[in-house]
Each structure stands twice: as C-alpha cells, then as structure tokens.
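These notes are about the structure you will find just below.
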Amino acid sequence: MMDPVRNPFAPGAGQRPPELAGREKELAAFEVVLERIARGRPERSLVLTGLRGVGKTVLLGELRSMAVRRGWGAGKIEARPDADLRRPLSAALHRAVRDLAVRHRAPERVESVLGTLKAFALKSNPENAKLRDRWQPGIDVPATTGRADSGDIEIDLVELFTDVAELAQDVGTGVAVLIDEMQDIGADDISALCAACHELSQSGAPLVVVGAGLPHLPALLSASKSYSERLFRYVRIDRLDREDADQAVLVPVDREQAAITPAALDALFDRSGGYPYFIQAFAKAAWDAAPTDPITVEDVAMAAPEAEEELAVGFFGSRYERATPAEREYLRAMAELTEGKDDPAGTSDVAVFLGRKPSSLSPARDSLIKKGLVYSAERGRIAFTVPHFGRYLRGMEE
Ligand SMILES: Nc1ncnc2c1ncn2[C@@H]1O[C@H](COP(=O)(O)OP(=O)(O)OP(=O)(O)O)[C@@H](O)[C@H]1O
Ligand SMILES: [Mg+2]
C-alpha cells in the first residue's frame, strides 16, 4: 500500500503545494521588479488575477519569500469586505519593519518609524466605539504625533510608506506589501493606496505593493485611478497546461520514490482540467487509493468519487452556503444558461430565464459579486469565479 503518511499532495486554500508548477515566468518577473526597485529604477509592480483555486495565494506567498530572501522587509494582508485598511496594513508593515530592524544599525530610527506606524494604526475607527477603546496595535513604543496621523488615509499612507521605505533604503533593500483578495478593499482605501503607490514610485522610494485577486480586479483599479495601469502589471494566473500539470504530480511522487503510470496522469488531467486545486485533490485521493506502487488509472477512477465528494463540501459547498435563497436562484440560472460550462452568461438572459425584470436582480447580483462568487466579466456579462461551479450546481440534488 502507498503510505498515506507520505502523501505529498495538499488540497486546500492557501496550502503550499509540494511542487509549485508552471509559475516560472511570474517568479522571474518578480525578480526583475525587486532588483529594479532596490536600485531606485521605475518599475510596475505585479497584480495577480485569476479564478478561485488557481494558486494566487500560494504564489503571493512565494513572492513574499523571495523578497525576504533578498533582505527586504515584507508583510502580507488579506483584505476583507467592509473592513478598513489601517489595522491589517499596520500589522503587515510592523512585520516588515521587524524584518528590517534585524539588519538596521540605528535602533532609534527603527523606533521612530514604529511610533509613526502606531499613530497610523490608532487612527482606524471601527463603528464599534467600545472596540476602538480596547484595541491596541501590538507595537510597544509610544505613538508619535504629526506624521501619518492626519486621518486622511491618502496623506497618511504616503507618509507612512515613505518612512518605512527609507528604513529599507538605509540597509540597501526595500519593502514589499502583499495584499491578497485585493478586490475586497473599499473604494476610498483602494484609491488612496493607488495614489500612495503613484507618489512613491515617482520619488523612487523602494516600496512595492503586490496584489492578488479575482479577475475583475484590474477593472476596479482602473475605475479608481486611471493611471493604475502604469502602476501595476496585471498577470493572469490560469490553470496549468498539460506539461505543468504533469510536473505538479510527477515531481512530488518522484520525491517520495514512488511512481505513477502515464495513463493515470492522463486520467488526472482529465478530471482536474489543469486547475491547481483539483490537481491536488484528485492526486491526493489517487495516492491514498493505490494498493501498490505505481499509481494506476484504476486507482484514479477508484478515488475520484471520494475526491469529488470532498470538493463538493470544501470547495463548492462552502461557497454555495454563503448565498441567500435569491442568490442561489441566480447562480442556478447562470449554470443552466451556460449548460454547466465555465463561460460567462448575459445578465439580461438570466433575467429572462427567471422571468424577472433585470433591475430587480441587481441586488442579488451585486451581493454575489461582493461575496466573491461571481464577477462581471465584461459589460452585461456575468461569470462564476469558481471553476466548474456551473457543473457542480447542475449536478446537485434538489
Ligand atoms: N502552481 C501550482 N502547482 C501545483 N499546485 C498548486 C499551484 N498553485 C496552487 N496550487 C494548489 O492549488 C490549491 C489552491 O491554491 P490557492 O489557495 O493559492 O488558490 P487561490 O487562487 O488563492 O484561490 P482563492 O481564490 O480561492 O483564494 C492549493 O491546494 C495549492 O496547493
Ligand atoms: Mg487565495
């Protein structure tokens, strides 16, 4: 039997894969960004976009590691709808400053930046006043006054970014701020963030904001600031092609001194369509189902129902559950109109299908967008952010 303890595969949101396949181009592009920014050269930062489960979060994590390996300060946040940016951002920058402090020779400079960071954080104002009084950023220096504490997020971001970037400049590196689920940042914060990035890039300060989010993120950014295309290079993260998908399975299997037959690889690709999350799920189940080494096509077939069951709960179901009855109706209509394929549907076709006025469906649609389940693919067209969601919805028992 294949030892389940040694099963290398890792299905799950943000789970580091045993082999990060097919992302060489993105990693190389980020090397160039780091090198150029550290030398004070102008360079667009990266924004990764793609569907659920294609590997944005793990790639963002890898970019973070790259920055840290080069002695950069780095911090990562996951944006949430309806939450202001100050607190998570100050936590991420705190982390970055601590990375830099290790190499910095002037502790009083570090402390002064931490004081500014604390002042910035304390300006966050949650609706709940009780929470505001109790909450303290975990920074143990006194907050300073007069910098990054005006209350205007744009002014404060520029000042804070500038000070943190200077700290990095002292040690000859830079600062990377990585923002996952970037489409969830509120309108004011996103516009301030773009403005701050713009200002810093013009002064040649070594700080980059690297983003990741759903496919409509570029549209959100350019609606916010027309110059955002000059700040960010949008990189679409997609399913893996056949060769890379095979590598994602072969390399980890080989590392465990096990094997898999070519027919089993065919079957795995058939099932996964090259989507990284599905690759991990089906490969993991196939390994566990294999009575002997190598893993065969029969093992893949045997394991598939179990893998699908797990996907139905963990990948599809957890998202479907977030939708209200009206939203579910909308999702099902999309699934029928696209016949379970991953193509976009016309919003007016959805209305016709449901026998409703288009305007009456806007609340459901907007709420589904906010929940990250669908996105507006282009004018008048709506698509699932979750690959194979339509197929899943059509296969569900009532
Ligand atoms: N390049 C890759 N090669 C192999 N497996 C990968 C790769 N990238 C991601 N994975 C696997 O795919 C799964 C999903 O990855 P991740 O959570 O990063 O996706 P995501 O795009 O952030 O999804 P979401 O939009 O839901 O947050 C994980 O199990 C991860 O191990
Ligand atoms: Mg993610």
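The values are calculated or read from the model by the stated rules, or taken from the named source; none is laboratory data. Remember, it's a predicted structure, so these values are computed and weren't measured experimentally. Counting neighbours? That spans all protein chains shown, and the Cβs are built from the backbone with ideal geometry, glycine included.
General observations
- Among the conditions (1) part of a helix (DSSP H, G or I); (2) more than 30 Å from residue 10 (Cβ to Cβ), the only one that residue 356 does not satisfy is (1).
- Matching entry among 250, 268 (being farther than 23 Å from residue 63 by Cβ, in contact (Cβ under 8 Å) with a residue 12 or more places away in the chain and surrounded by fewer than 21 Cβ atoms within 10 Å (Cβ to Cβ)): 250
- Residue ID - farthest from ligand 1 (Cβ to nearest atom), chosen from residues in segment 271-289 that are buried (at least 23 other Cβ atoms within 10 Å of the Cβ) and of a type in the set (A, V, I, L, M): 286
- Some residue of segment 194-203 being within 16 Å of ligand 2 (Cβ to nearest atom) and of a type in the set (D, E, K, R): no
- Among the conditions (1) away from ligand 2 (no atom under 16 Å from the Cβ); (2) under 17 Å from residue 173 (Cβ atoms), residue 63 misses just one, which is (1).
- For segment 358-369, the set of residues classified as surrounded by fewer than 13 Cβ atoms within 10 Å (Cβ to Cβ) and modelled with pLDDT under 95 consists of 359 only.
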